[in-house]
Amino acid sequence: MATERTFSILKPDATKRNLTGAVNAVIEKAGLRIVGQRRIQMSREQAEKFYEIHKERPFFGELVEFMTSGPVVVQVLEGENAVAKYREVMGATNPANADEGTIRKTFSESVGENTVHGSDSLENAKAEIAQFFKDSDIAG
Ligand code: IDP
């Protein structure tokens, strides 16, 4: 197993409900280290670029509105198999289908407002981290 880095976002439903510490506790309990973290207000341009792959999906407008509706916390997580591990810890996209103990099962109220983003491949993780972090803002 390799040590990897993945990109995470604690979405506006997490910051609005003051749940960032509770979500971080689940992340850390799973053995992932938060090696970079910043709280930001995402611009419309940043959100549109970040979710460009979903541009043609019917929920794209709603997704961009939501992601810019309040602050988010962008993170770099590090650990063994971090990409797959974090996807497991997050749970299914729709919280109704997520396993017990996952972040989305525990905290999320809908498929749109599902509390966390996590990269789905190592390649995407690298690109997503580079969109939001300078190397000097990450300390492993
Ligand atoms: P993921 O976040 O689990 O990787 P994706 O399919 O990549 O899921 O979708 C990206 C994000 O788009 C989801 O996390 C969710 O916030 C939003 N989304 C996905 N499907 C729907 C939907 O049917 N309605 C509203 N928002 C959706």
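The values are calculated or read from the model by the stated rules, or taken from the named source; none is laboratory data. No experiment lies behind these values; they were computed from the predicted model shown. When we count neighbours, we look across all protein chains shown, and the Cβ atoms used for this are built from the backbone with ideal geometry, even at glycine. Note: areas computed on protein heavy atoms with side chains; ligands, DNA, RNA excluded. Shrake-Rupley method; radii C 1.70, N 1.55, O 1.52, S 1.80 Å.
The loop-placed GluC sites (Glu not before Pro) in region 69-122, going by DSSP, that have at most 10 neighbouring Cβ atoms within 10 Å of their Cβ come out as E100. Of the GluC sites (Glu not before Pro) found in region 30-59, those that fall in a DSSP loop while having at most 11 other beta-carbon atoms within 10 Å are E56. Can you list which of the chymotrypsin sites (Phe, Trp or Tyr not before Pro) found in region 1-87 are DSSP loop residues with at most 16 other C-beta atoms within 10 Å? Qualifying residues, ordered by number: Y51, F59. At an R0 of 22 angstrom, the distance between the Cβ atoms of K29 and S110 translates into a FRET efficiency of 0.35.
Starting from the eigenvalues of the Cα gyration tensor, five times each then square-rooted, give me the equivalent ellipsoid semi-axes of region 15-140, largest first, whole Å. One finds semi-axes of 20, 19, 14 Å for region 15-140. Please report the carbon-and-sulfur percent of the accessible area for region 49-140; probe 1.4 Å, protein heavy atoms only, DNA, RNA and ligands left out. Carbon and sulfur: 48 percent of the exposed surface of region 49-140. For the chain, the dipole from Cβ point charges (+1 on Lys and Arg, -1 on Asp and Glu) about the Cα centre works out to 320 debye, to the nearest 20. Where in the chain lies the longest segment free of trypsin sites (Lys or Arg not before Pro) that are both loop residues by DSSP (not H, G, I, E, B) and have at most 15 other Cβ atoms within 10 Å? The longest such stretch corresponds to 56-133. In the context of the full set of protein chains, the chain has a per residue accessible area of 53 Å² (1.4 Å probe). The relative contact order of the chain comes to 38 percent, based on Cα pairs under 8 Å that sit 6 or more residues apart. The distance between label points at E45 and Q131 comes to 1.4 nm (points 7 Å beyond Cα on the Cα→Cβ vector).
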